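Worksheet: one structure, shown below.
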Amino acid sequence: MQQQLLKIASGRWNRACGSIHAPALVLACGLAPIGGVGDLISLWLFGIAAFAAIPRLMCSGSFLATRPTLLFYGSFWLFAVASLAWAPATATPDLTSAWTLLVIPAVLPALHRPGLVLWPIAIGVAAQALIQIGGAIGLIESPSERPWRSSPGLYWYPASVGIWSVSGLLISLALARASRSPRTILAATTLCLLAAVGLALTLNRAAWLAGGIGLSLLLGRWMWIACRSPRALTAAAVLVLLPIVVGASAYLGSKTVRYRVHSAAKEVVAVWQPSSDSTSNLRANSFGMRVLWWDAGWDLMWKRPIIGHGAGSVAESLARLESERPSNRGAAVRGFITSNPHCSLITAAVEQGVPGMALLLLTGIAAAGGAWRRGIGVIAMSSLGPTIVVLLLFGTVHALLLEPYTATLVAILIAMSIGPPPKSECQHEDAASSDTMAA
């Protein structure tokens, strides 16, 4: 009798947590791309969803504990927190992005129902695009540092909004491709177009390049899957063509967009051209600055390869290194000393040394492989692999883990890349408790 009462109580607790988990997760995924206070509220909701997911996670604990992606990513953050112990006293550590680890346990129970995550993300990115449109036409004040150049919506940094737009674009394309109902196809296509418009409004060249690479990977994957079906190939080509038309229209209709595209090639070429002033090609050149930071980060990593310089030590380490370097490698270049070297791997290499960089790189490789496998035979999930590959490439020119806004996206994709656990005993316990109550 006592065991039956325990089973009934356990079943009721599981059902109560389940009724909380799904709404909290959907709202969190929808608010995360919007920025402003939306990403902060989404973190609280992810925390609630993670707490509600505890019963399900306990049933799949042995399966989740052996997932390489989770082990690598968890170890990276543990090492990052531990590196506070040997960070300089004047360091300015900011590990607020570690709170995004709550996203992973919140998302894991939804792996059997990926639509609970994918649709809200696509809708959230579209909502952010509508806010961006409002900012572009003057209805909403933009918090961007350069509001005359871009419209990032409620978030201050256009590049971060851009990578969310790319992710939402690829996800909504896959949802449209997987849909069977005309209504859902129309809805997903509309979300795709809005994401493409939002991406164009960021005026961020790295995000544009990431979008082009992501579309190419996604189309290539669909062509491989549907190589024997002309109808499926045509549908895939038409869907991918839609955001390309949006991009072409932005290029032809905006002088600013054309300038941003043309200046990118000039900046890359300028870095390698000789000049009488060895720093003149680097001061106002975003690509040149990244070359300097990559070079400096490599040198700093080998100064302390085992444990790194500690969390929050990037700016101080660059300041010390500046005195040892010639002007063509960073000395006297304005902006060289920074806490954000615009590369996730470089940040990890400086602060946590070789182990930190290796753990982060292994996390990306494991997540990309897992996401690519998850998309086999499941069209709705076919965007995950290309999205994570694009995120890895984007992370070489932007530090994604320094901001909770983008670290949330990283955590969502890592969780989605893990295959769903086998049917746990929780379902059987719920069924048994239901039978007991009915009896």
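Here the helices (runs of 4 or more DSSP H) wholly within segment 188-304 that include at least 2 residues being at pLDDT 90 or above and under 23 Å from the mean Cα position of the chain (by Cα) are 205-225, 230-253.
Between L321, L360, the distinction of being in contact (Cβ under 8 Å) with a residue 40 or more places away in the chain and crowded, with 17+ Cβ neighbours inside 10 Å belongs to L360 only.
Selection of first residues in segment 24-52 that are more than 16 Å from W156 (Cα to Cα) and of a type in the set (D, E, K, R) and of second residues that are buried (at least 24 other Cβ atoms within 10 Å of the Cβ) and modelled with pLDDT of 95 or more, restricted to Cβ pairs under 6 Å at least 6 apart or on distinct chains, gives an empty result. Taken over segment 17-46, the criterion of being in contact with a Gly (Cβ under 7 Å, 6 or more places away or on another chain) and not in a helix (DSSP H, G or I) is satisfied by G35 alone. Somewhere in segment 298-306, is a residue touching a Pro at 6+ places or on another chain (Cβ under 8 Å) and without any contact (Cβ under 8 Å) to a residue 40 or more places away in the chain? Checked against the condition, which is being touching a Pro at 6+ places or on another chain (Cβ under 8 Å) and without any contact (Cβ under 8 Å) to a residue 40 or more places away in the chain, segment 298-306 yields no hits at all.
Each row is one residue, and each column tells you yes or no for (1) at pLDDT 85 or above; (2) within 15 Å of Y73 (Cα to Cα); (3) of a type in the set (S, T, N, Q).
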residue: S313; (1), (2), (3): yes, no, yes
residue: S327; (1), (2), (3): no, no, yes
residue: P341; (1), (2), (3): yes, no, no
residue: S344; (1), (2), (3): yes, yes, yes
residue: Q352; (1), (2), (3): yes, yes, yes
residue: M357; (1), (2), (3): yes, yes, no
residue: G364; (1), (2), (3): yes, yes, no
residue: I379; (1), (2), (3): yes, no, no
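The single condition among (1) in a helix (DSSP H, G or I); (2) surrounded by 19 or more Cβ atoms within 10 Å (Cβ to Cβ); (3) on the phi < 0 side of the Ramachandran plot that G353 does not satisfy is (3).
Could you identify the single residue in A127, A85, A106 that is buried (at least 24 other Cβ atoms within 10 Å of the Cβ), in a helix (DSSP H, G or I), touching a residue at least 60 places away in the same chain (Cβ under 8 Å) and of a type in the set (G, A, S)? Answer to the selection: A106. Residues in segment 60-73 that are assigned to a helix (DSSP H, G or I) and either touching a Pro at 6+ places or on another chain (Cβ under 8 Å) or surrounded by fewer than 17 Cβ atoms within 10 Å (Cβ to Cβ) (or both): G61, S62, F63, L64, P68, L71.
Scanning segment 315-325 for residues that are of a type outside the set (S, T, N, Q) and in a loop (DSSP other than H, G, I, E, B), we see that the one that is modelled with the lowest pLDDT is R325.
The values are calculated or read from the model by the stated rules, or taken from the named source; none is laboratory data. The structure displayed is predicted, hence computed values, not measured ones. We place every Cβ from the backbone using ideal geometry, glycine too, and count neighbours over all the protein chains shown.
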